Amino acid sequence: MSKNNVFDVLIVGGGVVGACVLNKLTRIGKKCLLIDKASDVATGASKANSGLVHAGYDPKPNTLKAKLNIRGNKLYPKLCKRLGVKLDKCGALVLGDDETQLDNLYQRGLENKVYVEKWDRKQILEKVPDLADHITCALYARDAYIVSPYFFTISVADEAVLNGAKVSLEEDLVSVEKKDDIFEVVTKKAIYYAKQIVNSAGAGYNEVAKLLKAEEYPLEFRRGEYFVFDKIKDFNVPCTLFTMPTKLGKGVLITPTIDGNFLLGPTSTESDTQTKVTSEGLDEIRNKAQLIVKNINFRNAIRQFSGVRVISGDDFVVEKSKVADGVINIAGICSPGLTSAPAIAEMVTKLLGFSLKEKENLKLLKKRVLFKELSKAKQIQLCKENKNYCSIVCKCEEITKGDVIEALNRPIKVASVDAVKRRCNAGMGRCQGGFCFTKVVAQIIKERKIAYEQVKKENRGSEVCLSDIREVNND
Ligand SMILES: Cc1cc2nc3c(=O)[nH]c(=O)nc-3n(C[C@H](O)[C@H](O)[C@H](O)COP(=O)(O)OP(=O)(O)OC[C@H]3O[C@@H](n4cnc5c(N)ncnc54)[C@H](O)[C@@H]3O)c2cc1C
C-alpha cells in the first residue's frame, strides 16, 4: 500500500454533487480522490439541465429537497464569486391563469421562507411584452439565478485539485473490499485505499452501491429535451419563465442562459439512462412554448439536447449507509440537485464526522476571462505579448487559440473536444463546431502530446479519427 494511494475519502462520480463534496472536503484539509468512468467531470445530468439556481419556493416544506435547495441557493453567490464563475440573479416568474394555484404556490414559498410576490398581468407585461394571451397572474421569485452548470462543476472540481485533491477519469470500478477498517478499491487502472467512500454516481448509483454492499434504491429515469436558441436580439427573455400546470397540461420553461442564449424545454418522459432527442419531444416543446410567450422564431434554434433525471421516491437520499460502515449514499438527486449540491456537500461532510471549518491560505483558481471579454486596449496588449490570441479558432463564439490553450491547461487535464467546449465555449455557436472542430483537435494533440487517434469527442468510443486514409505531404 503506497502512501500516495491512501485517501481519507474516495468519491465515486464527478457530477456537480461529487465535485462539490470533493471541494468541501479538500478545503477542510482531507486527502480526497474523485473517480469517474467518463472522460471529464460534468458529463452526466450536471451538463444537461436548465442551469437554474432555484429560489426554493417549489419543494414541499421540511423535505430534504426544500432544506438543501434553500441552503444551496444561499451558498451560490459567495462560491461563484470565489471561483470566478458567472452567476446572474435574473429572477423567475411562474406564469399561470389560475389564482388558486398561484395562492398555493405563494403559500409554499412563504412556508419555505423564500422571497415571493404575486403579480397581475399588467405587472408581468412590463417585464415580458411577448406574454401569451391566456396568462393572467404569476409568482415572482426574486432570488433565482442562472449559471453554467458544467462550468460551475468544472470550476468546483478544478479548485479542489489546485488545493491537493486528485481526480482520476476513465476509471472502471472492479471491486471494493473492506480490510482492517480501510476500503481497498480496485479499478482497471489502479488500486486505491480509502477510509470512507461517497457514492455520488447519479444514474450509476445502484451499480456502485452493489460493489460497496450498500443500500440499493429503485430509481426512475425521466428524460428532459431542450432547444437551444442563438444569441438573438429579436426576442427578449429577461428572466426564467416557468408555467404552472394548466388545464392544457404540464408546461415547459424558457430561460436565458449565462452565455446569452436561451433554452426552451425540458420535456419529462419516462426513459432509460440514455440521452436522446426525439421529434415527439421537440413537437411538445414547440406547442407548449406558445402557452408562455408569442413570436418564438424556431429558425433561431441552433441545437437540441437532453438530460436524464434520476428520481428515487419523493425526496433526495443523502445518508450514512446502515449496512456498509464508512459509506455515504447519495441517490435520486433530481431537480433541484444543481442548486442543492453545495449544501449536499456540507451535509455529507457532517455525515462523515468532520467539522465544516475550512483551512486558511487555500489557493484561488485563476479566473477565466475569455479574450472577447477584454477591453480593446487589453486585447491589443495581449496579442502583442502572445500571438495565440491573434488567431481565432471558433468564429461564432469568437474564441481564440489562446483561450483554447488556457482551457486545456486548467488543473484537470482533459483530452476531448467537448471538454474544451465546456471550458471556453469553442463550438457552442451557430455553426456548432463546423469551423473549429479540427482546430480544437489539433490543439488537444499538441497540448496533451497524444496521437490523433486518442482524441475523443466526449467519452471512450467517440474517438474522432480512427486511422489514416491517405498520407499528407506537409512540405
Ligand atoms: C432535464 C433536467 C433539468 C434540470 N434542471 C435543473 C435546474 O435547473 N436546477 C437544478 O438545481 N437542478 C436541475 N436538474 C437536476 C440536476 O441536473 C441534477 O440534480 C444534478 O446534475 C445531479 O448531479 P449528480 O452529481 O448527482 O449526477 P451526475 O451529474 O449525473 O453525475 C454522476 C456522475 O457519476 C458518474 N458515474 C456513474 N456511474 C459510475 C461508475 N460506475 N463509476 C464511476 N463513475 C460513475 C457519471 O459518469 C457522472 O459523471 C435538472 C436535471 C435534468 C435532467
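The values are calculated or read from the model by the stated rules, or taken from the named source; none is laboratory data. Since we're looking at a predicted model, the values are computed, not measured. With ideal geometry, Cβ positions are generated from the backbone for all residues, glycine too; neighbour counts draw on all protein chains shown.
Looking at (1) in contact with a strand residue (DSSP E or B) (Cβ under 6 Å, 6 or more places away or on another chain); (2) aliphatic (A, V, I, L, M); (3) near the ligand (Cβ under 9 Å from one of its atoms), can you tell me which one Val9 breaks?
(3)
Only one of Pro61, Pro77 is farther than 16 Å from Arg142 by Cβ and not in a strand (DSSP E or B). Can you tell me which?
It is Pro61.
Kindly evaluate Lys24 against the criterion of being in the same structural domain as Ala160 (by TED's automatic domain parsing), of a type outside the set (Gly, Ala, Ser) and at negative phi.
The answer is yes for Lys24.
If I filter segment 165-193 down to residues being within 16 Å of Ser321 (Cα to Cα) and either in contact with a Cys (Cβ under 9 Å, 6 or more places away or on another chain) or not aliphatic (A, V, I, L, M) (or both), which single residue comes out as nearest to the ligand (Cβ to nearest atom)?
So, considering only residues that are within 16 Å of Ser321 (Cα to Cα) and either in contact with a Cys (Cβ under 9 Å, 6 or more places away or on another chain) or not aliphatic (A, V, I, L, M) (or both), the one nearest to the ligand (Cβ to nearest atom) is Phe183.
Answer with yes or no whether Ser268 is within 29 Å of Asp97 (Cα to Cα), within 13 Å of the ligand (Cβ to nearest atom), outside the structural domain of Gly15 (by TED's automatic domain parsing) and buried (at least 19 other Cβ atoms within 10 Å of the Cβ).
No: the conditions fail for Ser268.
Can you report the number of residues in segment 333-353 which are in a loop (DSSP other than H, G, I, E, B) and more than 9 Å from the ligand (Cβ to nearest atom)?
Counting residues in segment 333-353 that are in a loop (DSSP other than H, G, I, E, B) and more than 9 Å from the ligand (Cβ to nearest atom) gives 2.
Pairs needed: first member in segment 153-171, outside the structural domain of Val17 (by TED's automatic domain parsing); second member anywhere, buried (at least 19 other Cβ atoms within 10 Å of the Cβ) and in a strand (DSSP E or B); C-beta distance under 6 Å; at least 6 residues apart or different chains.
No pair meets every condition.
Could you please find all residues in segment 424-472 being farther than 22 Å from Ser148 by Cβ and touching a residue at least 60 places away in the same chain (Cβ under 8 Å)?
Matches in segment 424-472: Arg460 only.
Can you tell me how many residues in segment 79-98 are of a type outside the set (Gly, Ala, Ser), closer than 27 Å to Ala157 by Cα and in contact (Cβ under 8 Å) with a residue 60 or more places away in the chain?
9
So is Cys20 more than 9 Å from the ligand (Cβ to nearest atom) and closer than 24 Å to Leu356 by Cα or not?
Considered against the rule, which asks whether it is more than 9 Å from the ligand (Cβ to nearest atom) and closer than 24 Å to Leu356 by Cα, Cys20 comes out as no.
Tell me yes or no: at least one residue of segment 105-127 is among the aliphatic types (A, V, I, L, M), in the same structural domain as Lys24 (by TED's automatic domain parsing) and in a helix (DSSP H, G or I).
No - not one qualifying residue is present in segment 105-127.
From Glu171, Glu126, Glu184, Glu177, which residue is among the charged types (D, E, K, R) and closer than 19 Å to Pro256 by Cβ?
Glu126
Name the single residue that is nearest to Lys276 (Cα to Cα) among those in segment 194-225 being among the hydrophobic types (A, V, I, L, M, F, W, C) and away from the ligand (no atom under 12 Å from the Cβ).
By that ranking, first place goes to Ala214.
Go over the candidates Lys421, Lys449 one by one and state the one that is out of contact with any Leu (no Cβ under 6 Å at 6 or more places or on another chain), exposed (fewer than 12 other Cβ atoms within 10 Å of the Cβ) and not assigned by TED's automatic domain parsing to the domain that holds Asn300.
Only one candidate passes the filter, namely Lys449.
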